[in-house]
Amino acid sequence: MVAAPLNGSAQSGVASYHMKEIPIPKLHALVSSFYVNEEGHPFLPLNGGIYLPEDSLWFLPPTKENYFTSFAPVIEDTALFVMSNTNDSSVVHYLKTSSGGSVKKIKVAAVKQGIYNLIYKNKICYIWGYEGKYSSIGIVGNGAVNWLFKMNGLIRQVQLNEASDLFFCADSSIFKLNEKKLILKLNETIDGFCFTKSNNLLVSSTAGIGIVNQQELGLIATGVTGKLQAAGNSIFLLALQRNAIFRIEQY
């Protein structure tokens, strides 16, 4: 396998891609997820607030009262699920914006303090993350979290496909949770993955970024790795080691 350079020139048989670098400010806390809306604009949980890196603007600035570590938009309700930490717990709140511009904050659930992320899809809020030696995936609702899965080790990313099936990556593998099925095993550590609307699987590993075809990774770029999100015809990569988000598009 001949790896592609960071500019996105791909190996033989794989379409060529170009990459646009979107700088992000220096991080003072670990970021393990981000969000891209349907228009292809990334939103980043940054140092307690929610940041728009393309515009260099705060969507929600951090405050002493609201220091968010993760979030998940609820577009149909003009609202957000947000995650924050107290001295001994990690708390999920629901933020609802009124027509007058005021924000109502409702506590939804609390769990033992850890590093957690939120995903909202089809009226369900999922939570996943790491606490102590264990990683967990669950559903937020009725004032608590219903944990679906727990494992010893680090889950690096969780995604849902168009059918809302749950997938997660750990070490060098990707699993389909509801079927307890291994769907991909590489020789390299997998840092992130996502699905396109056509249900193609894209993977970011220590070997590079690529599209999976029959258990083979067709590389489209190397030299950088991180969490992935797909939106429209674009792929977005959160590259913390480069302090940037990359927009990757086919020529």
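How many residues are in contact with a strand residue (DSSP E or B) (Cβ under 7 Å, 6 or more places away or on another chain) and without any contact (Cβ under 8 Å) to a residue 40 or more places away in the chain when one looks only at segment 106-126?
Summing the residues that are in contact with a strand residue (DSSP E or B) (Cβ under 7 Å, 6 or more places away or on another chain) and without any contact (Cβ under 8 Å) to a residue 40 or more places away in the chain in segment 106-126 gives 9.
Can you tell me which residues in segment 133-172 are polar (S, T, N, Q), at pLDDT 95 or above and within 16 Å of the chain's Cα centre (by Cα)? Break it down into steps so the answer makes sense when it comes.
We begin by selecting, within segment 133-172, every residue polar (S, T, N, Q); these are 135-136, 142, 146, 152, 157, 159, 161, 164, 172.
Retained after the next criterion (residues that are at pLDDT 95 or above): 135-136, 146, 152, 157, 159, 172.
SER135, SER136, GLN157, GLN159, listed by residue number.
Can you spot a residue in segment 207-224 that is acidic (Asp, Glu) and under 26 Å from PRO25 (Cα atoms)?
No.
Residues that are over 24 Å from SER84 (Cα atoms), surrounded by fewer than 20 Cβ atoms within 10 Å (Cβ to Cβ) and either touching an Asp or Glu at 6+ places or on another chain (Cβ under 6 Å) or of a type in the set (Phe, Trp, Tyr) (or both): does segment 189-196 have at least one? Reasoning before the result, please.
Keep residues of segment 189-196 that are over 24 Å from SER84 (Cα atoms), which gives 189-190, 193-196.
So of that shortlist, the ones also surrounded by fewer than 20 Cβ atoms within 10 Å (Cβ to Cβ) come out as 189, 195-196.
In the following step, the residues that additionally are either touching an Asp or Glu at 6+ places or on another chain (Cβ under 6 Å) or of a type in the set (Phe, Trp, Tyr) (or both) were identified as 195.
Within segment 189-196, one or more residues are over 24 Å from SER84 (Cα atoms), surrounded by fewer than 20 Cβ atoms within 10 Å (Cβ to Cβ) and either touching an Asp or Glu at 6+ places or on another chain (Cβ under 6 Å) or of a type in the set (Phe, Trp, Tyr) (or both).
Can you name the residue in segment 75-84 that is of a type in the set (A, V, I, L, M) and more than 26 Å from GLY132 (Cα to Cα) and, of all such residues, is surrounded by the most Cβ atoms within 10 Å (Cβ to Cβ)?
LEU80
With respect to the numbered conditions (1) surrounded by 19 or more Cβ atoms within 10 Å (Cβ to Cβ); (2) out of contact with any strand residue (DSSP E or B) (no Cβ under 6 Å at 6 or more places or on another chain), which one is the sole condition not fulfilled by LEU201?
Failed condition: (2).
I'm told SER172 meets every condition in (1) surrounded by 14 or more Cβ atoms within 10 Å (Cβ to Cβ); (2) of a type in the set (Gly, Ala, Ser); (3) free of Cβ contacts under 8 Å to residues at least 24 places away in the same chain; (4) farther than 27 Å from LYS107 by Cα except one. Can you identify the failing condition by its number?
The one condition SER172 does not meet is (3).
For segment 192-206, check the following and say yes or no: at least one residue is part of a strand (DSSP E or B), at pLDDT 95 or above and farther than 18 Å from GLN229 by Cα.
no
Kindly establish whether LEU182 is within 27 Å of GLU38 (Cβ to Cβ), at pLDDT 90 or above and surrounded by fewer than 20 Cβ atoms within 10 Å (Cβ to Cβ).
No: the conditions fail for LEU182.
Which of the residues belonging to segment 85-94 are surrounded by fewer than 19 Cβ atoms within 10 Å (Cβ to Cβ), part of a strand (DSSP E or B) and in contact (Cβ under 8 Å) with a residue 24 or more places away in the chain?
Those that are surrounded by fewer than 19 Cβ atoms within 10 Å (Cβ to Cβ), part of a strand (DSSP E or B) and in contact (Cβ under 8 Å) with a residue 24 or more places away in the chain: ASN85, SER89.
When you scan segment 34-74, how many residues do you find that are under 23 Å from GLN113 (Cβ atoms), β-branched (Val, Ile, Thr) and surrounded by 15 or more Cβ atoms within 10 Å (Cβ to Cβ)?
Residues flagged as under 23 Å from GLN113 (Cβ atoms), β-branched (Val, Ile, Thr) and surrounded by 15 or more Cβ atoms within 10 Å (Cβ to Cβ) within segment 34-74 amount to 2.
Go through the residues of segment 42-52 one by one and say whether even a single one is of a type in the set (Ser, Thr, Tyr) and within 19 Å of the chain's Cα centre (by Cα).
yes
The values are calculated or read from the model by the stated rules, or taken from the named source; none is laboratory data. Computed from a predicted model, the values in this text were never measured in an experiment. Don't worry about glycine lacking a Cβ; one is built from the backbone with ideal geometry, like all the others, and counts go over all protein chains shown.
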